[in-house]
1. Can you pull out every residue in region 49-86 that is hydroxyl-bearing (Ser, Thr, Tyr) and more than 16 Å from ligand 2 (Cβ to nearest atom)?
2. For region 149-186, give me the residue count where each residue is aliphatic (A, V, I, L, M), within 30 Å of Pro325 (Cβ to Cβ) and more than 11 Å from ligand 3 (Cβ to nearest atom).
3. Just to be sure I understand, how many residues within region 249-288 are of a type in the set (A, V, I, L, M), within 20 Å of the chain's Cα centre (by Cα) and farther than 18 Å from Ser214 by Cβ?
4. Is it true that Glu68 is under 25 Å from the mean Cα position of the chain (by Cα) and not in a loop (DSSP other than H, G, I, E, B)?
5. Could you tell me which numbered condition Gln217 fails, if it satisfies all but one of (1) assigned to a helix (DSSP H, G or I); (2) open to solvent by less than 70 Å² (accessible area, probe 1.4 Å)?
6. Would you mind finding the one in Lys341, Lys372 that is more than 28 Å from Arg177 (Cβ to Cβ) and either more than 28 Å from the chain's Cα centre (by Cα) or away from ligand 2 (no atom under 16 Å from the Cβ) (or both)?
7. When you look at Leu189, is it out of contact with any strand residue (DSSP E or B) (no Cβ under 6 Å at 6 or more places or on another chain), among the aliphatic types (A, V, I, L, M), more than 14 Å from ligand 3 (Cβ to nearest atom) and over 20 Å from Arg293 (Cα atoms), yes or no?
8. Only residues that are among the hydroxyl-bearing types (Ser, Thr, Tyr), in a helix (DSSP H, G or I) and crowded, with 20+ Cβ neighbours inside 10 Å: list them for region 1-56, please.
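The values are calculated or read from the model by the stated rules, or taken from the named source; none is laboratory data. This structure is a prediction, so every number in the text was calculated from the model and none was measured. All Cβ positions, glycine included, derive from the backbone under ideal geometry; neighbour counts span all protein chains shown. All accessible areas refer to the heavy atoms of the entire protein, side chains included, with ligands and DNA or RNA removed. Shrake-Rupley method; radii C 1.70, N 1.55, O 1.52, S 1.80 Å.
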Amino acid sequence: MKKLAPIFNLTTFGCQMNYADSERIVAVLEQAGFKQTTSSQADFLIYNLCSVRQHAIDRIWGIINKIEKQNKNKKKQQIILTGCILSSDKKKFAEKGIIILAIKKLNEWPQKINSLKHLSAKRASLLASQAGKSIKTNYDNEYLNIKPQYSSHYSAYVPVMTGCNNFCSYCAVPYTRGQEYSRPVKEILEEVNNLIVRGCKEIILLGQNVNSYSNIQEIITSTRKMIKKIGFVELLKMIDKIPGDYWLSFLTSHPKDMTAELIKCFSTCFHLVPYLHLPLQTGSNKILKAMNRHYNLEHYEDLIKKIRQLNKKINISTDIIVGFPGELEADFKKTKKAMEKIKFDMAYLATYSPRPGTAAFKLKDNVSAIEKEKRRDVLNEVLKKTALENNQKMLGLITGVLVDQVKNGVAFGKTRNFKRIKILDNPRPISSKLIGNFIRVKITKANIWNLEGELVSNKVKNIQSR
Ligand code: SAH
Ligand code: SF4
Ligand code: F3S
């Protein structure tokens, strides 16, 4: 039987921004009549890539080699790459004849993929090399307004901005996503409104630097037209005003843009949940400077102090990089000490990975791989201790939980402050109908990475009560 439309499989690497982009890719392709299937059955294998560390790029080369071997024996599968790719890698992929499609030109994908179906390998490779050359980072970002195919009916990522102007010396993002772009307020409000009307219970606003959101809004009154600048705090407040039973949060924030007004939102915004992801990266001021982060440890600690003064229960997570060029044992000790003092609930601990084209790439990667691993392990032990201590402070509390899974009568979900929790079958097995709903739970056990609790009520109104 002749196939009517291409069938594809999509694999996503990287951060939530890439996952949000993938929901738009699926929407565009399915609207064009394409069908999603498993990776072994697909004609087109689409990979949405992340370049933040070399590891993910190495993995994709492994996949490419495997598919090439398979293609020699059985049916042909075409690889398509998209997402965050550094120009040095784009060149290498193009030389191999791998097609790269720019996420910012998502509207053109169906036509492009359709044309690939009829191409000879030689022509496809030519097209790939042209694509490699033509993919710049400065296309507009209107693709963000494509209505996504949300992967969940109760929890949604809503990108409010993309790109980054900060150029931290280690980071690939400004090169892969380009300059900061903030979506128009109207567009964001419409998307959030629609989600809430559909009964979505959790809205997570996304951006590489979500708190540097800045957009111009036109206000037209009967007498004149005015231009108003909307920053992240204003945007958050506008969204928060949308009535409904939902939780609101945002990631990722940059410490240099964490203003007093934004901190205040944790007590004034009704829907905003007590969760903040605030990357510290290192506890050494010398390394922070070399990283081009524009804050010092004292400033970061002061922010945390102010946030915790407003809300003791707030869950604070961070990102740390160990082994940045020039990180001496004494610098590392400062990171360890900072982590012990700040007592994070969660920390994503990365070993430094040199990224071609970044400022730090020119520096000697002089901390050995073994030493980097060792330092990361030491920090992981600190984290385990503080995460457990913080979780233990929640014992006995009754809190709202958004259920996302039910297995054999046991439910799993997220507390209002973004912690994983397992709810045991008390007093009766929990029904899978509760997936995507709020319940009230009493916390009975604290583990390092999660909590356990008992069901108090499965009919919950006013879930916002703190
Ligand atoms: N915009 C966010 C981070 C985006 S990248 C911020 O400003 O913090 C996500 C995380 O990846 C970073 O916080 C950092 O900890 C890590 N990362 C980025 N580049 C890296 C590199 N070259 N090596 C190791 N980790 C890196
Ligand atoms: Fe990367 Fe720094 Fe921008 Fe975050 S703020 S995306 S770490 S350059
Ligand atoms: Fe990776 Fe791109 Fe996100 S480089 S971390 S997927 S913005």
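1. Thr82
2. Selection size over region 149-186: 1.
3. Qualifying residue count, region 249-288: 5.
4. No.
5. (1)
6. Lys341
7. Against the criterion (out of contact with any strand residue (DSSP E or B) (no Cβ under 6 Å at 6 or more places or on another chain), among the aliphatic types (A, V, I, L, M), more than 14 Å from ligand 3 (Cβ to nearest atom) and over 20 Å from Arg293 (Cα atoms)), Leu189 qualifies.
8. If the condition is that a residue be among the hydroxyl-bearing types (Ser, Thr, Tyr), in a helix (DSSP H, G or I) and crowded, with 20+ Cβ neighbours inside 10 Å, then Ser22 is the only one that fits.
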